[in-house]
Amino acid sequence: MMTECEMYSQHRRSWVRVTARELDTVPHKFWPAGLRCGECHGEVNVHHHENGSRLHHFEHRHRNLGCSQVKGFDGVRRQHPRPLELAPS
Ligand SMILES: [Zn+2]
């Protein structure tokens with residue numbers, strides 16, 4: 001399960017690592033526009049605990065079998081076919 005990802009920091013003008021626990025402390029209106037997998041750079045969505053309260057983990061929006069963070073990883077690491085590379089506008 002992915003509990004860490006990367007967010008684009010406008011302040012630092014670069015991608016920085018963030019954990020689900022850290023992001024959970026940030027008010028929703030301040031959340032970054034883009035979150036990506038630190039390994040394959042594919043876009044990720046946030047998932048909450050079953051009771052709907054706290055942020056729990058991240059999942060790829062579009063699964064990449066070339067990413068070891070994904071269930072069903074095929075053993076050959078490669079970048080996501082649609083990576084988030086540039087700063088979200
Ligand atoms: Zn990935």
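Conditions (1) touching a residue at least 60 places away in the same chain (Cβ under 8 Å); (2) surrounded by fewer than 13 Cβ atoms within 10 Å (Cβ to Cβ); (3) within 16 Å of the ligand (Cβ to nearest atom), marked per residue:
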| position | (1), (2), (3) |
| --- | --- |
| Leu23 | no, no, no |
| Arg36 | no, no, yes |
| Glu43 | no, no, yes |
| His60 | no, no, yes |
| Asn64 | no, no, yes |
| Val70 | no, no, yes |
| Arg78 | no, yes, yes |
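Scanning the range 1-21 for residues that are in contact with a Phe, Trp or Tyr (Cβ under 9 Å, 6 or more places away or on another chain) and touching a residue at least 12 places away in the same chain (Cβ under 8 Å) gives Met1, Met2, Thr3, Glu4, Cys5, Glu6, Met7, Tyr8, Ser9, Trp15, Ala20. Within the range 1-39, the only residue that satisfies the criterion of being of a type in the set (Gly, Ala, Ser) and touching a His at 6+ places or on another chain (Cβ under 7 Å) is Ala20. For the range 28-69, residues that are assigned to a loop (DSSP other than H, G, I, E, B) and out of contact with any strand residue (DSSP E or B) (no Cβ under 6 Å at 6 or more places or on another chain) total 17.
Whether a residue is touching a His at 6+ places or on another chain (Cβ under 8 Å), in contact (Cβ under 8 Å) with a residue 12 or more places away in the chain, away from the ligand (no atom under 13 Å from the Cβ) and of a type in the set (D, E, K, R) was assessed, and Arg54 passes this test.
Readers should treat all values here as calculations from the given coordinates under stated rules, not as data from a laboratory. Note that the structure is a prediction, hence the values are computed from the model and not measured. Using ideal geometry, Cβ is built from the backbone for each residue, glycine included, and neighbour counts are taken over all protein chains shown.
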